[in-house]
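Working notes for the structure below.
The values are calculated or read from the model by the stated rules, or taken from the named source; none is laboratory data. Because the structure is predicted, anything quoted here is derived from the model rather than measured. A quick note on method: Cβ atoms are made from the backbone with ideal geometry, for glycine too, and the neighbour counts reach across all protein chains shown.
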Amino acid sequence: MKNGLEDVIAAETQLSDVDGERGRLVIRGVSLDDLVPGETYEGVAASLLDGLMERPVTATTLRSLLGAARVDLYSHITRLDEGLLALPPVDAMRAMIARLGDGQDLDTALHLMAAPAVFLPAILRLQAGQRPVTPDESLSQSADILRMLTDRMPSAEQTAALDAYLVTISDHGLNASTFASRVVASTQAGLTSSVLAAIGALKGPLHGGAPGPVLDMLDAIGTEANAHAWLTDALDRGERLMGFGHRIYRVRDPRADALKNALSPLVRSGQVDRERMALAASVERAALAILKERKPDRPLDVNVEFYTALLLEALGFERQAFTGVFAIGRTVGWIAHAREQALNGRLIRPRSIYTGPLPKVA
Ligand code: ACO
């Protein structure tokens, strides 16, 4: 059911702009095409936080501050109990973040940005019966995440690919999770509360929970020859094709190509399964053709989640972890929006339209 409120302006922001007609994403005045490849997680994070915290941070200072925060947070792993490990990774991670103190300051922000980067690899390793890996504060956040996940130093191509991913998804206008973060911040609650609300909104399959199901779809399709028939059957059953469609974009999501390009060096150096990439390309072509035919009035194109799935799989993340990796990248965006709201905004309190019965007049 459409609620007619799609075009309501709920916030003013200087952080990012999503142009759905032209397929353009601008983060702090810079087009995504000029950020990726090349920008690091620390670089985009410093830019997003610029002017919003009690003291300025550069990419260089952020790298060492985040390294120290990762080391500090690692002590929390020893308090990770069995009950948490039985949960899906993103839920276990959320529960651990809930134990952090609330606040509006840079120290709280740094711990929130470092927390998913430390907790997620540790949870994944413990769930697989392996020992967690201690953070190395001298590394960049991307290199250290991959090292903590695999217990090996990542290649330069792998680190660059994760940086490309984290930068690409760092902020994206007033999406559902960012809105949740701003709503909480508008009450002047702290950053931890905002980030927890945002993770709750992110994990649903219509938002950040889609890339795992993208791989399920590729596995079910199996071969390039099967793509057309499988996709047609799925749509006949009334299912949606994961990794396609977007509320704002009426053209191709620019993040999809940023991630597809970020995969290229891994493909060239043999660090990605080429057959998997060929299957994905066929599925994408077939899906776009079928969606165009079935929904001629609604432009449906590939979204960020399709190539997210392939990139994170290539980096060694299991599919149940994908939403958690999304949270690693998006946390700085949630924090920046929460600070912007807390500094400049009012309480967000929309009105509902009551459509229920009225009391009988005596
Ligand atoms: N597959 C098939 N049909 C689709 C798809 C899809 N992926 N997306 C939309 N449609 C169809 C709908 O069935 C609907 O058709 P109808 O008018 O005949 O009923 C029409 O397109 C419009 O759909 P809406 O629900 O109005 O689109 P909305 O803007 O609400 O949805 C959304 C956006 C949730 C992303 C949707 O496209 C979808 O479910 N995609 C699949 C899940 C996915 O990839 N999510 C990740 C999004 S990116 C992110 O959040 C990071």
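See the values below:
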item: Out of Arg70, Arg22, sole residue that is among the charged types (D, E, K, R), farther than 21 Å from Ala262 by Cα and crowded, with 19+ Cβ neighbours inside 10 Å; result: Arg70
item: Residues within segment 57-67 that are part of a helix (DSSP H, G or I) and surrounded by 17 or more Cβ atoms within 10 Å (Cβ to Cβ), tallied; result: 5
item: Number of the exception - Asp233 against (1) outside any loop (DSSP other than H, G, I, E, B); (2) in contact (Cβ under 8 Å) with a residue 24 or more places away in the chain; result: (2)
item: Looking only at segment 25-49, and only at residues there that are part of a loop (DSSP other than H, G, I, E, B) and surrounded by fewer than 14 Cβ atoms within 10 Å (Cβ to Cβ), the one that is modelled with the lowest pLDDT; result: Gly38
item: Check on Ile221, touching a residue at least 60 places away in the same chain (Cβ under 8 Å) and farther than 27 Å from Arg330 by Cα; result: yes
item: Residue selected from segment 301-353 under the condition part of a helix (DSSP H, G or I) and surrounded by fewer than 20 Cβ atoms within 10 Å (Cβ to Cβ), by the criterion nearest to the ligand (Cβ to nearest atom); result: Arg319
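Each row is one residue, and each column tells you yes or no for (1) over 30 Å from Ile348 (Cβ atoms); (2) at pLDDT below 95; (3) crowded, with 22+ Cβ neighbours inside 10 Å.
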| site | (1), (2), (3) |
| --- | --- |
| Met93 | no, no, yes |
| Leu110 | no, no, yes |
| Ala115 | no, no, yes |
| Thr134 | yes, no, no |
| Phe179 | no, no, no |
